[in-house]
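Inspection log for the structure reproduced underneath, given as structure tokens.
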Amino acid sequence: MNTVTKTRWRTAITEASAETVRIRGYDLSDLAEKVDFGAVFYLLSCGELPSPAAAKALNALMIAACDRGITPSSAITRTIASCGVPLQAAVAAGIISFGDIHGGVGIAMGHALKAQTDKLPANPSPQQAEDAAERFVAAFHDAGERVPGYGQPLHPQGDPRARRLIAYAQKLGVAGPALAVGLAAGGVLARIKGRSLPMNVDGAIACVALDIGMPPDIIRAINFVARAAGLSAHAMEETARERGFRLLATDDEVTYDGVAPRSL
């Protein structure tokens with residue numbers, strides 16, 4: 001009687017054995033010698049290697065996201081690192097802060113853009129982009145939500161990272177319907193708000209990632225995978241240059257507004 005051993009896990013991503021490791025069928029050592037990390041990230045996420053232009057674009061997105069100085073994620077990482085925890089714990093704490101407000105708006109923006117661009121041609125006309133942008137903005141406003149990917153309090157005149165990414169995507173020839181609609185949506189928002197509200201770096205990352213064929217759900221990972229490098233540097237700098245744990249506030253900086261002292 002033949003018996004079949006049922007394995008506990010299955011994956012189509014990586015095949016690992018004592019002899020070799022293959023990612024999506026490619027030998028890991030060959031990948032290490034012949035392509036860059038961005039291309040392997042794309043391979044892991046999408047199942048195929050990107051075009052050379054798409055690989056360059058993804059590398060640019062990740063470099064743009066690698067650090068932004070003292071932000072919520074780096075402040076958290078440095079605070080945790082100052083308590084004497086291992087490097088990976090401090091970095092993980094910072095990454096956990098990525099959400100719908102800080103560092104992670106790309107998923108919501110990506111899904112909303114994809115819904116409006118799936119049926120558009122690769123190079124939509126200005127009118128097609130404008131119509132899709134109107135629907136994109138309306139979807140968030142109708143739900144009572146802020147449109148993600150626009151405005152940056154640290155860059156009130158416009159996010160320079162976003163401008164460079166947009167220009168680079170256009171130079172590489174990978175700018176497509178997502179970026180066209182995303183840029184048109186900035187104009188729609190400006191008319192509604194009565195002021196300029198340019199796309200920020202999260203918005204640019206979402207648009208370009210979609211245009212090079214990445215799924216919306218991976219867009220947040222572009223940010224936190226890249227930012228892990230910056231957070232690692234912040235954690236190491238904190239432990240090397242600062243002394244003791246980082247005190248968030250002294251007693252005189254905290255206002256207590258609870259109940260008055262009482263006895264049992």
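Scanning segment 172-204 for residues that are under 19 Å from residue 126 (Cβ atoms) and among the charged types (D, E, K, R) turns up just one, 191. In the set (1) more than 18 Å from residue 73 (Cβ to Cβ); (2) in contact with a strand residue (DSSP E or B) (Cβ under 9 Å, 6 or more places away or on another chain), residue 211 fails one condition alone, (2). Within the span defined as segment 248-259, one or more residues are out of contact with any Ser or Thr (no Cβ under 6 Å at 6 or more places or on another chain), in a loop (DSSP other than H, G, I, E, B), surrounded by fewer than 20 Cβ atoms within 10 Å (Cβ to Cβ) and acidic (Asp, Glu).
Hey, any hits in segment 218-233 for a residue that's not aromatic (Phe, Trp, Tyr) and not in a helix (DSSP H, G or I)? There is no residue in segment 218-233 that is not aromatic (Phe, Trp, Tyr) and not in a helix (DSSP H, G or I).
Looking across segment 17-36, the residues that are among the hydrophobic types (A, V, I, L, M, F, W, C) and either at pLDDT 95 or above or on the phi > 0 side of the Ramachandran plot (or both) come down to 21, 23, 28, 31, 32, 35. Here residue 179 passes the criteria (1) over 20 Å from residue 67 (Cβ atoms); (2) crowded, with 22+ Cβ neighbours inside 10 Å; (3) in contact with a strand residue (DSSP E or B) (Cβ under 7 Å, 6 or more places away or on another chain) except the one numbered (3). In the set (1) surrounded by fewer than 21 Cβ atoms within 10 Å (Cβ to Cβ); (2) in contact (Cβ under 8 Å) with a residue 12 or more places away in the chain; (3) more than 30 Å from residue 81 (Cα to Cα), the condition left unmet by residue 224 is number (3). Within segment 73-81, does at least one residue satisfy the condition of being within 22 Å of residue 233 (Cβ to Cβ), more than 16 Å from the chain's Cα centre (by Cα) and among the charged types (D, E, K, R)? Checked segment 73-81: at least one residue is within 22 Å of residue 233 (Cβ to Cβ), more than 16 Å from the chain's Cα centre (by Cα) and among the charged types (D, E, K, R). Confirm whether residue 149 is on the phi > 0 side of the Ramachandran plot and at pLDDT below 95. The answer is yes for residue 149. Residues considered: 208, 201. Of these, the only one that is within 16 Å of the chain's Cα centre (by Cα) and closer than 17 Å to residue 129 by Cα is 208. Residues in segment 87-112 that are assigned to a helix (DSSP H, G or I) and buried (at least 23 other Cβ atoms within 10 Å of the Cβ): 90, 91, 94, 106, 109, 110, 112.
The values are calculated or read from the model by the stated rules, or taken from the named source; none is laboratory data. Quick caveat, the model's predicted, so the values are computed rather than measured. Glycine also receives a Cβ, built like all others from the backbone with ideal geometry; neighbour counts cover every protein chain displayed.
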